[in-house]
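What follows is a single structure, written as structure tokens, with notes after it.
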Amino acid sequence: MSPTAITYPVLPAALGVLSTPPDLAAGAACPGDCASAEKLGFDFSFAFQPIVDLDARGVWGHEALVRGLHGEGAMSVLGQVNEDNRYRFDQLCRIKALREAVALGLQARLSLNFLPNAVYKPDICIRTTLEVARATGFPIGHIVFETTEGEQVHDKAWYAEVMREYKRIGFLTAIDDFGAGYAGLSLLADFVPDIVKLDMALLRGVEADAKRQAIVRHTTALCRELGVSVVAEGVETAGEYGFLADLGITLMQGYFFARPAFRALVPAQQIAALQPPGAG
Ligand SMILES: [Ca+2]
């Protein structure tokens, strides 16, 4: 990728359409020193798990998954996040994940999880991400913001407005864990993301479960009609892989392809060597 070919949006005009919800306007804003782990009180790192493009037999992107500094599980970090520090944590996640991914030489997309209720000040959130992208030369259009519907979104209109703004700026947007949580279908009515990630609980053993098959088949058809790409996440077996591939799903993620790699990127050759369903 050539940094000179990348253009970044100008912020003031881009942010004119957003306003801060009244209940959040008075406080909880990041004071401008979001990048400090000392201020947060704990530090963390990332593992990266590939999202596989089966058509291209390559890596479509990597999802950054939070880990302890020595590779400890996500809960060792997330257990320290509370209402008081989650905004700063969210900011620091973007900054650190982008920097770590670029340092590892990531060429594909980078998928970042964010906490929808932490977006108190989207102008600062977006600015934070844009600044790191610009500093590292990472293209905006390669950054995916995944947000889970499993986490209750208190203000759906606000949520949809924030997501639309992210998309308008040029980021890719994804609804995570689709089918597992509270608001999937109504979220789609209010906001059409670039990507829907089908929840792993829907996919578990799907090749032998007629009810799951019906749900996955129709959800995939719905997404196609809306122009949304589908990622099957948490794919663990050849049977699941085979069923989903037969359905025409080409983007997949899960242990069947590769486990998350702590502070490392799974080599593209490992993905290219994958056997098609039913082979071998
Ligand atoms: Ca995710």
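Since every read-out is calculated from the coordinates, none of them should be taken as a lab result. Everything numeric here is computed off the predicted structure, so don't read it as measured data. Counting neighbours? That spans all protein chains shown, and the Cβs are built from the backbone with ideal geometry, glycine included.
Using unit Cβ charges (K, R positive; D, E negative) and no other charged atoms, how large, in debye to the nearest 20, is the dipole of the stretch 44-271 about its Cα centre?
With only Lys, Arg, Asp and Glu charged at Cβ, the dipole is about 540 debye.
Place a point 7 Å from the Cα of ASP43 along the Cα-to-Cβ direction; which residues of the stretch 52-80 have their backbone N under 15 Å from it?
Within reach of a label on ASP43, which here means backbone N under 15 Å from a point 7 Å along Cα→Cβ, the stretch 52-80 contributes 67-72.
How large is ³J(HN,Hα) for each residue in the stretch 100-114, as worked out from phi by the Karplus curve 6.51 cos²θ - 1.76 cosθ + 1.60 (θ = phi - 60°), to whole Hz, x for Gly and Pro?
Working through the residues one at a time gives 5, 5, 5, 4, 7, x, 4, 10, 8, 6, 10, 9, 10, 8, 9 Hz.
Of all DSSP beta bridges located in the stretch 44-271, what percent are antiparallel, nearest 5? Intermediate results must be reported in sequence, preceding the final value.
Numbers: 13 of 34 bridges.
About 40 percent, rounded to the nearest 5.
Pop a pseudo-label 7 angstrom from the Cα along the beta-carbon direction at both ALA214 and ASP55 and give the gap in nm to one decimal.
Taking the two extended label points, one gets 3.0 nm.
In the structure shown, do any of LYS96/LYS167; LYS39/LYS156; LYS39/LYS197; LYS167/LYS211; LYS39/LYS167 have a Cα-Cα gap over 26 Å, and if so which?
On the way: LYS96/LYS167 21 Å; LYS39/LYS156 30 Å; LYS39/LYS197 33 Å; LYS167/LYS211 33 Å; LYS39/LYS167 30 Å.
Long pairs (Cα-Cα over 26 Å): LYS39/LYS156; LYS39/LYS197; LYS167/LYS211; LYS39/LYS167.
Output the peptides 169-180, 224-235 sorted from most to least packed, where packing is the average of other Cβ atoms within 10 Å over each peptide's residues.
Details: 169-180: 22.2, 224-235: 18.7.
Result, highest mean Cβ count within 10 Å first: 169-180, 224-235.
Give a residue-ordered list of calculated ³J(HN,Hα) values for the stretch 155-168 (Karplus: 6.51 cos²θ - 1.76 cosθ + 1.60, θ = phi - 60°; whole Hz; x for Gly, Pro).
10, 5, 5, 5, 4, 4, 5, 4, 5, 4, 5, 4, 5, 5
In terms of modelled amide H atoms, which long-range or inter-chain residues lie less than 5 Å from the amide H of GLU63?
Amide H to amide H, under 5 Å and 5 or more residues apart or across chains, GLU63 pairs with GLN49, ILE51, SER111.
When the chain is fully extended, how far beyond the present Cα-Cα distance does ARG263 get from SER186, taking 0.36 nm per residue of separation? Don't skip to the answer; put the middle values down first.
Values: separation 77, 0.36 × 77 = 27.72 nm, distance 3.62 nm.
Stretched fully, the ARG263-SER186 segment lengthens by 24.1 nm.
For LEU104 and THR237 in one chain, what is 0.36 nm times their gap in residues minus the Cα-Cα distance, to one decimal in nm?
Working: separation 133, 0.36 × 133 = 47.88 nm, distance 2.85 nm.
Gain on stretching LEU104 to THR237: 45.0 nm.
Applying the Karplus parametrisation 6.51 cos²θ - 1.76 cosθ + 1.60 with θ = phi - 60° to the phi angles of the stretch 196-205, what ³J(HN,Hα) value in whole Hz is obtained for each residue in order, glycine and proline being reported as x?
Whole-Hz 3J(HN,Hα) from phi for the stretch 196-205: 10, 9, 5, 5, 5, 5, 6, 9, 5, x.
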